[in-house]
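The values are calculated or read from the model by the stated rules, or taken from the named source; none is laboratory data. Everything numeric here is computed off the predicted structure, so don't read it as measured data. Cβ placement follows ideal geometry from the backbone for every residue including glycine, while neighbour counts extend to all protein chains displayed. These accessible areas exclude ligands, DNA and RNA; they are computed on the full protein's heavy atoms, side chains included. Shrake-Rupley method; radii C 1.70, N 1.55, O 1.52, S 1.80 Å.
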Amino acid sequence: MNRLAIVFWSGTGNTEQMAECIAQGAREAGAQVELLGPEAFSAGRLGEFDVVAFGCPAMGAEQLEEDSFEPMFSALEDALAGKKIALFGSFGWGDGEWMRTWSARCREKKADLYDPDGLMANEIPNAEAREACHDLGRNLASW
């Protein structure tokens, strides 16, 4: 089974809920899981994990959180080539443009994206979104 890092930032707790559901699904499937904030992750840590799931909600004008998550992600995106990653996050407005932009950045860097559409939850993850997160975790455990 894979060693999985779930690196996320959450302002309201919605993306944190998603991260916890992903972790639960991955653990149930036998993966070793580490939940990390952006301050605890860097390009140097990418090699420690088979898969990394990055989570960040839409902020402002549909962008990644600017003070801690975006700087961390920008600093490591040149090291994403060939790395197995997944993207997830919550939003409360807009149509998911932040996820499309984020996914495009990863594809440009030749990351191996689990799902180019990412996993999004509108506001507080409902039962369907939580189950999708569990499924993502289970799938990442053996990807």
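For the range 99-143, the normalised intensity computed at q = 0.15, 0.17, 0.31, 0.34 Å⁻¹ comes to -0.45, -0.57, -1.05, -1.10 (log10 of I(q)/I(0), Debye sum over alpha carbons, equal scatterers, no solvent). Volume of the convex hull of the chain (Cα atoms only), normalised per residue: 88 Å³.
Loop-located GluC sites (Glu not before Pro) in the range 33-107 (DSSP state not H, G, I, E or B) with no more than 14 neighbouring Cβ atoms inside 10 Å: GLU66. The 3J(HN,Hα) values that the Karplus relation (6.51, -1.76, 1.60; θ = phi - 60°) gives for the range 22-39 are, in residue order, 4, 4, 4, x, 5, 5, 4, 8, x, 6, 8, 10, 10, 8, 9, x, x, 5 Hz. Gly and Pro appear as x.
Within the range 29-72, find all residues whose amide N lies under 17 Å from a label point positioned 7 Å from the Cα of GLU108 along Cα-to-beta-carbon. Zone members listed by number: 62-65, 70-72. Here the range 53-110 is treated with +1 on each Lys and Arg Cβ and -1 on each Asp and Glu Cβ, and its dipole about the Cα centre works out to around 480 debye.
Of the chymotrypsin sites (Phe, Trp or Tyr not before Pro) in the range 26-127, the ones in a loop by DSSP (not H, G, I, E or B) with at most 15 other beta carbons within 10 Å are TRP93. Accessible surface calculations at 1.4 Å, restricted to protein heavy atoms, place the range 12-143 at 46 Å² per residue. Shown for the range 34-108: the carbon plus sulfur share of the solvent-accessible area, taken with all protein chains present and a 1.4 angstrom probe, equals 50%.
In a simple Cβ point-charge model (Lys, Arg +1; Asp, Glu -1; nothing else charged), the range 26-143 has a dipole of about 440 debye relative to its Cα centre. Think of the chain as having a plus end and a minus end, set by charges on the Cβ of Lys, Arg, Asp and Glu; of CYS56, SER142, SER68, SER142 sits farthest toward the positive end of this dipole. The Kirkwood hydrodynamic radius of the range 1-45, based on inverse pair distances between different Cα atoms, is 11.0 Å.
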